[in-house]
Amino acid sequence: MEENKMEDKIYCSHCGAIIEDDDYTTVNGQIVCSDCVSRYCCTCDRCGATVWDSDAYGDEYTNLCQHCYDNYYTRCQTCEALMHIDDAYHYGDSDYCSECYHDICNENASIKEYSYKPEPIFYGDNSRYFGVELEIDVAGKDCDYADELLEIANEDREHIYIKSDGSLNDGMEIVTHPMTLDYHKNYCWEEIMRKAVSLGYRSHQTSTCGLHIHVNKTSLGETNEEQEDVISRILYFVEHHWNELLKFSRRSEATMNRWAARYGYENTPKAIMDKAKKGSYGRYTAVNLCNYHTVEFRLFRGTLKFNTLIATLQLVNEICNVAVSLSDDQLQKLSWSEFVSDINDTELIQYLKERNLYINEKITAEEEM
């Protein structure tokens with residue numbers, strides 16, 4: 001009988017002490033008493049797993065298990081600082097922190113490498129900011145042309161930068177720093193677009209160009225949970241009104257499938273979010289969730305027409321508004337006609353009419369560039 005009692009006891013695999021009342025933690029499949037855990041273990045700051053101090057990765061501020069370190073973190077090639085992969089800057093095949101990256105990056109080049117990512121400069125006074133990526137093609141990856149566009153765009157401050165993009169035949173990508181919707185409306189977009197067209201660039205009139213819009217996640221909720229709820233409703237809206245948004249986007253179904261694929265319709269926002277989180281969709285989705293700080297709307301075909309750009313920003317803003325203000329049930333009942341009937345933005349209404357998406361009203365549209 002005494003032998004059976006001894007067999008029923010639980011021993012710490014590290015110190016050999018008898019463990020009472022389930023006072024232990026499993027570490028790498030081994031039972032470890034709470035005293036040894038407090039002395040020789042730490043908690044992964046990302047996933048919460050308990051790991052031996054000797055097996056932990058990180059620095060004096062961050063503890064990580066090997067899985068989280070390998071999959072979500074990296075180190076600066078120069079100074080070895082630890083950073084999340086979303087915060088890393090890339091040059092060649094190496095990762096760098098912001099300071100070291102800018103030390104090695106050629107700041108005088110008009111056209112930056114595709115991986116170039118400067119510290120964001122926020123323009124305008126609002127909680128919601130929009131970053132625009134506008135691809136232009138045909139006239140060349142030309143530094144002199146880039147200089148002409150930058151001279152207009154950055155006359156007083158740095159509002160945009162220009163990057164190379166391997167998906168283009170012979171062009172480049174205009175990227176803005178984050179701006180509020182009003183700031184975009186009052187910014188010199190018309191002059192930039194007019195100059196680009198005069199230099200021979202096209203955007204809509206190509207098979208290569210897209211217009212991508214980033215929205216800061218902090219404008220969608222104060223906590224991660226609130227943000228995820230709102231994003232799930234954004235995904236539902238896009239799936240529920242896919243046909244209208246496809247028409248709005250000016251893309252073909254085939255092009256959309258290649259560069260901005262659907263997650264697929266489900267009956268509830270949460271079901272679509274679960275599908276998006278569990279699938280290996282990557283960034284080439286209609287609503288890209290791979291970025292740490294932003295949600296990226298990738299549906300839209302490129303344009304060098306001012307009204308179309310502003311209308312697209314306004315549409316994204318309205319989608320975010322209903323996703324924030326409505327419950328799951330209310331959003332599921334929202335029809336397209338009800339959605340557009342509450343829109344007051346002149347540019348967006350104009351564009352919706354041009355695309356025959358505004359309460360059966362259609363008007364003659366100017367040519368897209």
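The values are calculated or read from the model by the stated rules, or taken from the named source; none is laboratory data. Because the structure is a prediction, the values reported are computed rather than measured. All Cβ positions, glycine included, derive from the backbone under ideal geometry; neighbour counts span all protein chains shown.
What the table below lists for this structure:
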| quantity | calculated |
| --- | --- |
| Any pair with Cβ under 7 angstrom, 6 or more apart, that starts in segment 311-327 at a residue that is over 10 Å from ARG233 (Cβ atoms) and ends at one that is among the acidic types (Asp, Glu) | ALA311/GLU347; GLN314/ASP345; GLN314/GLU347 |
| Count of segment 298-325 residues which are among the β-branched types (Val, Ile, Thr) and within 16 Å of GLY210 (Cα to Cα) | 5 |
| Restricting segment 107-132 to residues that are at pLDDT below 90 and over 14 Å from SER164 (Cα atoms), the residue that is nearest to the chain's Cα centre (by Cα) | GLU107 |
| Segment 117-129 residues that are among the basic types (Lys, Arg), paired with ones that are surrounded by 14 or more Cβ atoms within 10 Å (Cβ to Cβ) and assigned to a loop (DSSP other than H, G, I, E, B) (beta carbon under 7 Å, 6 or more apart) | ARG128/THR180 |
| Residue that is more than 29 Å from CYS15 (Cβ to Cβ), acidic (Asp, Glu) and modelled with pLDDT of 90 or more, where the choices are ASP45, ASP86 | ASP86 |
| From LEU211, LEU220, residue being touching a strand residue (DSSP E or B) at 6+ places or on another chain (Cβ under 7 Å) and under 25 Å from ASN126 (Cβ atoms) | LEU211 |
| Qualifying residue in segment 217-229 (condition: in contact with a Cys (Cβ under 8 Å, 6 or more places away or on another chain) and in a helix (DSSP H, G or I)) | yes |
| Residue within segment 75-88 that is closer than 20 Å to TYR292 by Cβ, of a type in the set (D, E, K, R) and touching a Ser or Thr at 6+ places or on another chain (Cβ under 9 Å) present | yes |
| Residues (among the basic types (Lys, Arg), surrounded by fewer than 19 Cβ atoms within 10 Å (Cβ to Cβ) and within 22 Å of GLY131 (Cβ to Cβ)) located in segment 251-305 | ARG283 |
| Verdict on ASN317 being under 28 Å from CYS188 (Cα atoms), polar (S, T, N, Q), surrounded by fewer than 16 Cβ atoms within 10 Å (Cβ to Cβ) and at pLDDT 95 or above | no |
| When residues of segment 76-100 are limited to those that are out of contact with any strand residue (DSSP E or B) (no Cβ under 6 Å at 6 or more places or on another chain) and charged (D, E, K, R), the one nearest to SER164 (Cα to Cα) | ASP93 |
| Residue count for segment 132-151, restricted to those that are surrounded by fewer than 19 Cβ atoms within 10 Å (Cβ to Cβ) and either under 17 Å from HIS212 (Cβ atoms) or β-branched (Val, Ile, Thr) (or both) | 2 |
| Unmet criterion (only one of (1) within 22 Å of TYR183 (Cβ to Cβ); (2) out of contact with any helix residue (DSSP H, G or I) (no Cβ under 9 Å at 6 or more places or on another chain)) for GLY279 | (1) |
